[in-house]
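Beneath this line is the structure, given in structure tokens, with notes to follow.
Read-outs: derived from the displayed coordinates by stated rules, not from any lab. These figures come from a predicted structure and were not determined experimentally. Ideal geometry is used to build each Cβ from the backbone, glycine not excepted, and the neighbour counts take in all protein chains shown.
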Amino acid sequence: MRSSSISRNRNKRRVGELRAAALLLSPSLAGVAVFYLVPFAEVVRRSFTDAPGRRFVGLSNYKTVLANSAFQTAAANSARFLCVCIPALLALSLALALLTRAAGRRGQSFRTSFLLPLAVPVASIVLLWKVLFAGNGLANTVLQTLGAKQVDFMGTGAAFWVLIATYLWKNCGYDMVLWAAGLDRIPQSQYEAAAVDGANGWQTFCAITWPGLRPTLGLTALLSLINSFKVFREAYLVAGAYPHESMYLLQHLFNNWFLNLELGRITAAAVLVVGALLTVAGLLLAARRIRRKETPC
């Protein structure tokens, strides 16, 4: 009898907590529904209709998008950009977080300096691009001084790597702070026990640091993925709506289709991109759940 009354009290408490949570979240959920879910539902509907949105055309818009050479180029460049910049950003920011942690108090100012790019206006970054990578810019001046040939950074395949470098420079400090927060969650006693057992730095990282950072990895990767779509501003202001083919991203394509009022194409492409991103997010969540089940309590 006593155990049943305890379970009833627990159930009542959980129901009360769920009701309180629903009440507190209802304004935010209503805003998300009105400003995100309902418009996206309209986008899905328009992807199956003609441009005015009156006549049903089935999968015609999707076939047109998938056969479009500009979409294929933009999708390939975007996938290439994500596959290169996100792993590089995660590895570089983690290395910087470990260095600042090892530096102790002296690493605090070092960490702050890497956050400064987030406060730099986009117009200043564009100006920096032009000063560094123009035909007579600083980079080509250095190359000439060293006896090398000039490089057309914005008119060749080098433009893609300039975009990668810009993304890493601007977002490295943000991810470093996320990794630092994950490092702070790892108990110091574990490192002390490893030092007593004679473990070296690499063994400590593999056995303690990296397993302790796995929960932070998913969040950091997701935020890095979201921030990767914001690099379009710099690329657009520097190279315009039609940059070099190597840095022609999906954002350029959507912008050009929107200016031409090709609503059927842009809605179908948006649905395809959202579907791909949801698939990636679902795989990340599934992998995280599998790791939790495999990890002993």
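The calculated P(r) of segment 68-294, using every Cα pair and 10 Å bins from 0, goes 7, 25, 29, 22, 12, 3, 0 in percent. Averaging sequence separations of C-alpha pairs under 8 Å and six or more residues apart, then dividing by the length of the chain, give the relative contact order as a whole percent. So the answer I get is 28 percent.
If a/c stays under 1.5 just call it rounded; otherwise compare a/b with b/c (prolate if a/b is bigger, oblate if not). Do that for segment 101-216, with a ≥ b ≥ c from the square roots of the Cα gyration tensor eigenvalues. Prolate is the answer for segment 101-216, as a/c is 1.5 or above and a/b outweighs b/c. Neighbours of THR204 by Cβ distance under 15 Å: Lys/Arg scored +1, Asp/Glu scored -1, total -1. Taking trypsin sites (Lys or Arg not before Pro) in DSSP loop states with no more than 10 other Cβ atoms inside 10 Å as exposed sites, the chain has its longest site-free stretch at 186-297. For segment 239-265, the residues whose backbone nitrogen is under 20 Å from a point 7 Å from the Cα of VAL120, taken along Cα to Cβ, are 239-240.
Put simply, the amide H of THR49, placed in the peptide plane, has neighbours under 5 Å in VAL57, leaving out anything fewer than 5 places away on its chain.
What value, in deg cm²/dmol to 500, does the helix sum -39500 (n - 2.57) over DSSP H runs of n ≥ 4 give at 222 nm once divided by the residues of the chain? It lands at -25500 deg cm²/dmol. Cβ crowding within 10 Å ranks ILE125, ILE186 as ILE186, ILE125, fewest other Cβ atoms first. Highest GNM mean-square fluctuation among SER113, SER246, SER93, for the chain modelled with Cα contacts below 10 Å: SER113. Counting charges near PHE56 (Lys, Arg +1; Asp, Glu -1) among other residues having Cβ under 15 Å from its Cβ returns a value of +3.
How much net charge surrounds THR73 when only the other residues with a Cβ under 13 Å from the Cβ of THR73 are counted, with Lys and Arg +1 and Asp and Glu -1?
Computed value for this residue: 0.
Hydrophobic, long helices, defined as DSSP H runs whose alpha-carbon span along the helix axis is 27 Å or greater and whose mean Kyte-Doolittle value is at least -1.0, occur in the chain at 2-32, 69-103, 158-184, 263-294.
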